[in-house]
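Before any comments, here is the structure.
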Amino acid sequence: MKLSRYGQRYSGQSDIIDLMQDLGSALRDNPQMLMMAGGTPARIPAAEQLFQHTLQLLLQDDDATFRLLGRYQGPKGDLAVRKLLAMQLREDHGWPLTADHIALTNGGQSAFGILANLLAGDSSEGRRRIHFPLVPEYLGYADVGLTADFFSGAKPLIQLLPDGLFKYGLDRSAAIPDATAALCVSRPTNPSGNVLTDDEVAFLDQSARARGIPLILDAAYGLPFPGLQYDDSKPYWSDNTILLLSLSKVGLPGTRSGFVIAKPELIEAFSRANTILNLAVGNLGPALALQLLQGRQLQRLAHDVLRPWYQAKATTAVAAIQHALQSSHNSSHSNVPCHIHRPEGAFFLWLWFPELAGSSAQLCHRLRQAGLLVIPGEASFIGLAEPWQHSQQCLRLSYAVADTTLEQGAAILGQVLQQSP
Ligand SMILES: Cc1ncc(COP(=O)(O)O)c(C=O)c1O
């Protein structure tokens with residue numbers, strides 16, 4: 001088969017494809033495998049009941065069903081939901097938005113792919129890149145570029161905290177490379193669970209504005225929904241920001257649906273590209289979102305159900321891991337120090353083993369053989385100019401799982417670390 005450059009790029013090796021395939025094959029190989037690898041949200045009964053009830057409302061008569069299944073939406077997506085979301089964000093946060101600032105998307109992944117290629121790649125000014133000012137970042141970004149050499153990234157500052165925790169901080173002294181088309185951060189950050197402070201976000205936006213480039217802020221886990229930000233940090237938007245929201249981590253990844261919020265000129269460009277590539281966005285996500293935004297059920301679900309659920313789980317997860325590592329430490333007299341990134345949002349624990357023998361990929365392979373599926377950190381260090389040992393010493397595990405899975409997973413981690421590699 002003869003493939004174009006595009007064909008070779010998109011059908012070649014990719015960490016996000018490996019990850020998605022791994023999720024399926026690991027379970028086939030070992031149905032007992034403890035799955036703490038993917039970004040699938042947890043099953044939360046109160047959320048499921050709300051979605052089921054809302055879906056039933058949408059299917060109550062022939063016309064409603066036809067509206068859901070039998071029509072294409074226009075390029076920017078359903079006007080009613082765009083108007084309502086704009087109004088609520090205006091009221092809640094004072095952002096000066098209209099429906100023209102919002103486009104529906106087929107999920108955050110597809111939206112980022114389109115946006116990144118709208119902004120970066122080959123241009124009349126040469127090749128321009130998306131810059132990650134704080135790496136590690138979401139591994140799903142790594143392969144979206146239509147051209148190679150698409151990203152640059154900067155190392156974070158590392159602050160050691162009490163109780164075996166640490167935190168990444170933005171290195172404000174790191175220069176933004178010359179050929180940068182946009183800055184990009186996920187907040188909360190996948191994989192680390194870091195939440196950039198309000199100050200850091202404002203600093204990034206000002207730095208981007210000073211360079212005449214936008215800041216892409218991917219709030220797939222953040223505010224206003226699903227709202228998995230555990231401190232009192234605020235949501236952020238400015239006319240220089242491209243804010244990405246998704247329904248996936250609310251509990252609706254099957255709808256493949258989200259929003260992009262930016263100045264109208266950018267929304268126009270995005271929706272034209274999205275129409276060429278996808279023709280239209282799906283109807284189910286926007287229809288559910290419209291129902292859920294009315295009466296602010298979505299915001300209440302985020303604040304009253306999802307955030308407390310995941311925050312409690314984060315505490316349980318840290319305790320389980322620390323207990324298991326402490327026990328293995330005591331019993332073996334071996335010392336594999338581990339720092340856990342303070343879980344500030346999203347639903348991952350990011351573990352750093354500064355004295356790990358071998359790479360985290362090797363450790364994850366051993367964990368998999370022992371029945372625990374987690375993700376090695378290497379692929380999240382996107383765009384760094386030089387090798388960095390820290391990138392070989394981290395792994396990510398999801399705590400969007402049952403407590404028993406957490407305990408069993410932590411025990412396997414403790415046992416495997418106790419055995420010499
Ligand atoms: C930071 C981040 N952005 C975007 C996505 C894509 O999500 P979706 O395409 O389901 O909206 C993910 C998925 O895990 C993510 O972690």
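The values are calculated or read from the model by the stated rules, or taken from the named source; none is laboratory data. For clarity, every value in this text was computed on a predicted model and none was experimentally measured. No Cβ is skipped: glycine too gets one built from the backbone with ideal geometry, and neighbour counts run over all protein chains shown.
The table that follows gives values for the structure above.
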read-out: Filtered residue count, the stretch 297-321, keeping only those that are within 14 Å of PHE51 (Cα to Cα) and in contact (Cβ under 8 Å) with a residue 24 or more places away in the chain; value: 7
read-out: Hits in the stretch 121-136 - residues which are farther than 28 Å from TRP352 by Cα and either in contact with a Ser or Thr (Cβ under 9 Å, 6 or more places away or on another chain) or not assigned by TED's automatic domain parsing to the domain that holds ILE176 (or both); value: GLY121, ASP122, ARG127, ARG128, ARG129
read-out: Long-range neighbours under 6 Å by Cβ, at least six apart or interchain, first residue in the same structural domain as ALA182 (by TED's automatic domain parsing) and over 26 Å from GLU265 (Cα atoms) within the stretch 224-248, second outside any strand (DSSP E or B) and of a type in the set (Phe, Trp, Tyr); value: LEU228/TYR221; LEU228/TYR310
read-out: Residue list for the stretch 249-281, restricted to those being without any contact (Cβ under 8 Å) to a residue 12 or more places away in the chain and either within 16 Å of the ligand (Cβ to nearest atom) or over 21 Å from LEU84 (Cα atoms) (or both); value: GLY254, ILE276
read-out: Residue, farthest from ALA319 (Cα to Cα), within the stretch 139-169, restricted to residues that are touching a helix residue (DSSP H, G or I) at 6+ places or on another chain (Cβ under 7 Å) and part of a loop (DSSP other than H, G, I, E, B); value: LEU146
read-out: Spans of helices (runs of 4 or more DSSP H) in the stretch 303-421 with at least 2 residues closer than 29 Å to LEU247 by Cβ; value: 307-332, 403-418
read-out: Subset of the stretch 390-421 [closer than 18 Å to PRO337 by Cβ, of a type in the set (Gly, Ala, Ser) and surrounded by 21 or more Cβ atoms within 10 Å (Cβ to Cβ)]; value: ALA410, GLY414
read-out: Single match in HIS303, HIS323 (criterion: within 30 Å of ASP163 (Cβ to Cβ), more than 16 Å from the ligand (Cβ to nearest atom) and modelled with pLDDT of 95 or more); value: HIS303
read-out: Meets criteria (under 18 Å from LEU252 (Cβ atoms), more than 16 Å from the ligand (Cβ to nearest atom) and loosely packed, with under 14 Cβ neighbours inside 10 Å) for LEU84; value: no
read-out: Any hit, the stretch 134-149, residues being surrounded by 20 or more Cβ atoms within 10 Å (Cβ to Cβ), more than 13 Å from the ligand (Cβ to nearest atom), under 28 Å from PHE348 (Cβ atoms) and among the aromatic types (Phe, Trp, Tyr); value: no
read-out: VAL281 at pLDDT 95 or above and of a type in the set (Val, Ile, Thr); value: yes
read-out: Enumeration of residues in the stretch 18-44 that are among the aliphatic types (A, V, I, L, M) and either touching a residue at least 40 places away in the same chain (Cβ under 8 Å) or within 14 Å of the ligand (Cβ to nearest atom) (or both); value: LEU19, MET20, LEU23, ALA26, MET33, LEU34, MET35, MET36, ALA37, ALA42, ILE44
